[in-house]
Amino acid sequence: MKRTFLPHATGSKCIVHFLRMRRTLLLLCVACSALPARAGLWEAICTVESNGNPLAVGDGGRAAGIAQIWAITVKDVNRIAGTNYTLNDRFDPEKSRQMFNLYVNHYGKGKSDGVKARIWNGGPNAMRATGQKKINLDRYFAKIQKHLKNEQK
């Protein structure tokens, strides 16, 4: 590609060039601001699990709420933290968030979002998974990763 250099414009021509560049930059800024903001791990989990629906029920009725929490997870959170969450608390987004944080911070304390997401989806032993289960957990995190602010594994 051949480069063409324009001689420096003076006076009114310089102002016209400046205004064109300013307009282009302004249009780029507007286009970028229209892009969806990337989310943190909790928001990404909620988007992938239920598309943000706190009343969602999935996995044949076994998972419920915005983060698709299973009964065994509620029981485990209560054991870990000495809390008394109920199955109905899965439909409360704030209580779901609390359970999520207690669970992933217990089993994935100090770990990356990738490890925490895999633990959320595959349980406490998710990082020891092999074969098809490992493939499924990696696919799950790939979905989560599309929504994260800081892409990290």
Exercise. In terms of modelled amide H atoms, which long-range or inter-chain residues lie less than 5 Å from the amide H of L148?
Worked result: A39
For this session: Identify the residues of segment 83-115 with backbone N under 16 Å of a label point that sits 7 angstrom from the Cα of K149 along the Cα-to-Cβ direction, or state none.
Result: 113-114
Exercise. Modelled label-to-label distance, W70 and L87, 7 Å Cα→beta-carbon offset: nm?
Worked result: 1.5
For this session: Could you work out how far apart the two model spin labels at A129 and N78 are, taking each label as a point 7 Å from the Cα in the direction of the beta carbon, and quote it in nm?
Result: 2.6
Seminar exercise, completed: Sorted by chain and number, the residues with a modelled amide H under 5 Å from that of A63, at a separation of 5 or more or across chains, are G58
Exercise. How would F141, F91 rank on accessible area, largest to smallest, probe 1.4 Å?
Worked result: F91, F141
Exercise. Can you list the HN-Hα couplings for segment 99-112, worked out from phi with the Karplus curve (6.51, -1.76, 1.60; θ = phi - 60°), rounded to whole Hz and with x for Gly and Pro?
Worked result: 4, 4, 4, 4, 5, 6, 6, 6, 7, x, 3, x, 8, 6
Exercise. Between N136 and V57, what is the label-to-label distance in nm when each label sits 7 Å out along the Cα-to-Cβ direction?
Worked result: 2.2
For this session: May I ask you to give the average projected area over all directions of the convex hull of the Cα atoms of segment 101-153, in nm² rounded to one decimal?
Result: 3.4
Exercise. Setting aside same-chain residues fewer than 8 positions from K75, which aspartates and glutamates have a Cα under 19 Å from its Cα?
Worked result: D59, D89, D92, E94
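The values are calculated or read from the model by the stated rules, or taken from the named source; none is laboratory data. This structure is a prediction, so every number in the text was calculated from the model and none was measured. Neighbour counts are summed over all protein chains in view; Cβ atoms, including those assigned to glycine, are modelled from backbone coordinates with ideal geometry. Heavy atoms of the whole protein, side chains included, go into the accessibility calculation; ligands, DNA and RNA do not. Shrake-Rupley method; radii C 1.70, N 1.55, O 1.52, S 1.80 Å.
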